[in-house]
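No value in this document is a laboratory result; all are computed from the given coordinates. Note that this is a predicted model, so its numbers are computed, not measured. As a convention, Cβ positions derive from the backbone with ideal geometry for all residues, glycine included, and neighbour counts pool all protein chains shown.
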Amino acid sequence: AEARFIANNPLSQKQHTLAASSLPGGNTRSLLHTSPFPLTMNRGQGTHLWDEDGHKYLDLAGDLSAGLLGHTPHPAVRRALLTALDSVGLNLGATSVQEERHAALLCTRFRLDRVRMSNSGTEANLHALAGARAFTGRRRVVVFTGGYHGGVLSFPSARGVQGNTVDARDFVVVPGYNDLEGARRVVERVAAEGDLAAVLVEAVQGAGGVIPGTEGFLRGLRDAARAVGAVFILDEVMTSRLAPSGLGFELGLDPDLVTLGKYLGGGLTFGAFGGRAEIMAVYDPRLAGSLAHSGTFNNNTLAMHTGYAALSEVYTPEVSVAFNAEGDALRERLVVVARGTRLSFTGRGSLIGLHFTEDGTEEITSGEQIRGKERGDLRDLFWFEMLEAGFWITRRGFIALMLGTLGEELDGFVQAVSSFLGRHRDV
Ligand code: PMP
């Protein structure tokens, strides 16, 4: 399969070689690297992509969930962008009406008292952590193996990826996601040392394998954090799409702080963090000793316009509900097709993870559970064959649906998975 990949993609290979002479490894976003070389995409339209060699793909990777809105701007987003360009101008270097409007909408929609904006989910998490530290006067943070909170806040479980964490010594990593007892022990131990500022967790581990946290685990974790006066931060950068007011609200988690990003900029660069007014007040510049949160592009004109349009006119609560129901339906069909094989599926709503394990583990609740049992060879084979069939998914088995993907295209994908399993009986 790899030999065919190389033969089919000479121009991508050539582009990769060229790129590697100016960018380490040929790209500027490490996870986009695939061996022997990544495909260079040069055009997107709706839910499709075209690569350098002219192949067309149905985009099921959805830019790791950020591409929710599709590659062609929705008319409302396009209008907002043109209004910003034609009637407002690029950055004003001042507070603006548009930033207030987007902030107010984020607060209403995601049930936040106050919000602040940034340029990425990574920044949002860094600032949320700084806020929690200022609020509590403590330093350390409990996170989970497999947790991903940004390029400098990652705690990978395996697969040869190295975490690259700022101030790594301040983070205490709990080995088992969904293991409430283990997490509680760590929270209590660090708190007893007098130094626990926050617990930072995803409601569904995204990069860690699209593994949903159980309601019991997440609520118990919140209670444990609260009991010791630590700030419970829910990273919803990926999961805010899963329910109209985010997954935290859906599960009744009532987090102290929430971090957001991705599609909420309408396709432009974006991040945000917010929550309880008394915590967010550490960022109020009218108060003595407030914490600085600056950033030239935090309130950039374009994202303030497009983000507002995306949330108010495109990804409405009704659309969110219907879209995630489609994802659940797709996952259920895939589960049926793969029953009794080494392939299994995880996820929630429009986010789907696929896993190849030696024993075909069906109920995957943490990366730890399948450590050492993963069949990377089958995962790679699957990826090569899906590309040949015209389906773009991530090499590590992540699927994030985009708005506008047609039912018949998803039928085609289910069929392609089924044919793969039929061709490789040993899977
Ligand atoms: N948190 C989570 C849960 C994410 O999935 C991501 C991005 N994949 C981030 C944070 C970081 O966001 P960004 O890439 O915008 O910095």
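Brief remarks follow.
- The antiparallel fraction among DSSP beta bridges confined to the chain stands at about 65%.
- Electrostatic dipole magnitude of the chain [Cβ: Lys, Arg +1; Asp, Glu -1; Cα centre; debye, to 20]: 580
- A straight Cα-to-Cα reach below 27 Å connects K14 with the lysines K56, residues fewer than 8 places away in its own chain not being considered.
- Ranked T269, T122, T296, criterion: other C-beta atoms within 10 Å, fewest first: T296, T269, T122
- Relative packing of 391-401, 257-267, 39-49, 222-232, which averages over residues the other C-beta atoms within 10 Å, highest first: 257-267, 391-401, 222-232, 39-49
- The calculated FRET efficiency for C107 paired with L11, based on their beta-carbon distance and R0 = 41 Å, is about 0.30.
- In the chain, Cα pairs under 8 Å separated by at least six residues give a relative contact order of 21 percent.
- Membrane-span-like helices in the chain (whole DSSP H runs, Cα extent of at least 30 Å along the helix axis, mean Kyte-Doolittle hydropathy of at least 0.0): 317-338.
- Distances between placed amide hydrogens fall under 5 Å for N42 paired with W50, D51, E52, all partners being 5 or more residues away or on another chain.
- When each of the peptides 327-336, 28-37 is scored by how many other beta carbons lie within 10 Å of its residues on average, the order from highest to lowest is 327-336, 28-37.
- Each helix, a run of at least 4 DSSP H residues, gives -39500 (n - 2.57); summed and divided by the residues of the chain, these come to -11000 deg cm²/dmol at 222 nm.
- Per-q log10 I(q)/I(0), the stretch 285-360, q = 0.14, 0.27 Å⁻¹ (Debye; single scatterer per alpha-carbon; no solvent): -0.71, -1.13
- Modelled spin labels at D328 and T316, positioned 7 Å past Cα toward Cβ, are 2.1 nm from each other.
- Pairs of alpha carbons in the stretch 167-319 whose separation is greater than 20 Å (percent): 56
- Which of N125, H149, Q162, positive extreme of dipole for the stretch 75-314 (C-beta unit charges): Q162
- In sequence order, the stretch 162-168 has phi-based couplings of 9, x, 9, 10, 5, 6, 3 Hz under the Karplus curve 6.51 cos²θ - 1.76 cosθ + 1.60, θ = phi - 60°, and Gly or Pro positions carry x.
- Å³ per residue enclosed by the Cα convex hull of the chain: 143
- Distance from the Cα centroid of the stretch 265-287 to that of the stretch 150-217 is 23 Å (rounded to whole angstrom).
- The mean sequence distance of close C-alpha pairs (under 8 Å, at least 6 residues apart), as a share of the length of the stretch 101-197, puts its relative contact order at 26 percent.
- Dividing the mean sequence gap of close Cα pairs (under 8 Å, 6+ apart) by how many residues the stretch 75-314 holds gives a relative contact order of 30 percent.
- Förster radius 35 Å - calculated FRET efficiency between E181 and E358 (Cβ-Cβ, nearest 0.05): 0.85
- For the stretch 389-399, backbone phi angles converted through the Karplus equation (6.51, -1.76, 1.60; θ = phi - 60°) give residue-by-residue couplings of 7, x, 10, 9, 10, 7, 4, 7, x, 10, 10 Hz, Gly and Pro being listed as x.
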